[in-house]
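K.L.:
Before anything else, here's the structure in question.
The values are calculated or read from the model by the stated rules, or taken from the named source; none is laboratory data. Fair warning: this is a prediction, and the values are worked out from it, not measured in the lab. So basically every Cβ, Gly included, is an ideal-geometry build from the backbone, and we count neighbours across all protein chains shown. We work out accessible area using only protein heavy atoms, side chains counted, and drop any ligands, DNA or RNA first. Shrake-Rupley method; radii C 1.70, N 1.55, O 1.52, S 1.80 Å.
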Amino acid sequence: MRLLIFGPPGAGKGTQAQFISRRYSIPHISTGDIFRENIRNDTPLGQEAKRYSEAGELVPDAVTNAMVKERLSQPDTENGFLLDGYPRTQDQARALERVLPDGTSLDAVLNMIVPEHEILERLSKRGRSDDADDTILKRLRIYHETTEPIAEYYRDRGILHDIKGVGSIEDITQRIIRAIEQTA
Ligand code: AMP
């Protein structure tokens, strides 16, 4: 099962991805988590990513694409994976297509739908260093301008599933599972 969980910052992608990755025994690949881990360990990749992520901006495509390509070459992804936070630009979406060999393209894209006021409330409570007010607004703007349009590309291919991302965590997980089972 090759899955992508898609949606704005604060949509609950990370929380849901943990349940889904466990249920289907596929690795959860979060580009945000990989960047944060590299920043924590002060690796060259972390040093490069830090200034962008602190400012609420996207890390350049070339850096991000190379990192994901390397991660998807690991043997644990052979039976599938759950991508979280990638692709976020048209260039990344195209790079992902190139990385996935014929017949191994995404099975389903889970499009988390959460109203803007709820997102702002969640993010202001989360307290991550890139969750300061002006950074939140910048990340949301970049989401709407650059990332959100990619959903239509997946919708055109018939693999996009809109998931209502409000309510209890368990209810949202059930909606996601139902959408996945439709594709299986
Ligand atoms: P996230 O936890 O997914 O919100 O990611 C945190 C930060 O990591 C983002 O604000 C970006 O600076 C960076 N990042 C994560 N994923 C990507 C991506 N696909 N492309 C560019 N930058 C990313």
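K.L.:
Once the Cα gyration tensor of the chain is found, what semi-axes does its equivalent ellipsoid get, as square roots of 5 times the eigenvalues, in whole Å, sorted largest first?
P.N.:
23, 21, 15
K.L.:
Continuing with this model, one more query. Report relative contact order for the range 2-183 in percent, whole number only (criteria: Cα-Cα under 8 Å, sequence separation at least 6).
P.N.:
RCO, the range 2-183: 34 percent.
K.L.:
Another question, if that's okay. Under the 0.36 nm per residue contour assumption, what length would be gained going from the current alpha-carbon distance of residue 151 and residue 122 to full extension?
P.N.:
So the chain would gain 8.2 nm between residue 151 and residue 122.
K.L.:
So what's the Cα pair-distance distribution over the range 47-100, bin width 10 Å, in %?
P.N.:
22, 52, 23, 2
K.L.:
Given a 1.4 Å probe, how much area per residue of the chain is accessible, in Å²?
P.N.:
So the chain comes to 52 Å² accessible per residue, rounded to a whole number.
K.L.:
Take each complete run of DSSP H in the chain, measure how far its Cα atoms stretch along the helix's own axis, and keep only those covering 27 Å or more with mean Kyte-Doolittle hydropathy at least -0.5; list them.
P.N.:
What comes out of the filter, once short or polar helices are dropped, is none.
K.L.:
Suppose every K and R has +1 on its Cβ and every D and E has -1 on its Cβ; what is the size of the dipole of the chain about the Cα centre, in Debye to the nearest 20?
P.N.:
For this selection, approximately 240 debye.
K.L.:
When the helix-only estimate is applied to the chain (DSSP H runs of n ≥ 4, each -39,500 (n - 2.57), divided by the residue count), what is the mean residue ellipticity at 222 nm, nearest 500 deg cm²/dmol?
P.N.:
Calculated from helices alone, the mean residue ellipticity at 222 nm is -16000 deg cm²/dmol.
K.L.:
Also, I was wondering about something else. Give me the extension gain from residue 54 to residue 15: residue separation times 0.36 nm, minus the current Cα-Cα distance, reported in nm with one decimal.
P.N.:
Between residue 54 and residue 15, full extension yields an extra 11.9 nm.
K.L.:
Using the Cα atoms of the range 91-160, I'd like the radius of gyration and the largest Cα-Cα distance, Dmax, both in angstrom.
P.N.:
Here Rg and the maximum Cα pair distance are 15.1, 43 Å.
K.L.:
Let me ask something else about it. In a GNM of the chain with a 10 Å cut-off on Cα contacts, which of 23, 36, 71 has the highest mean-square fluctuation?
P.N.:
Maximum fluctuation in the GNM of the chain, among the listed residues, is at 23.
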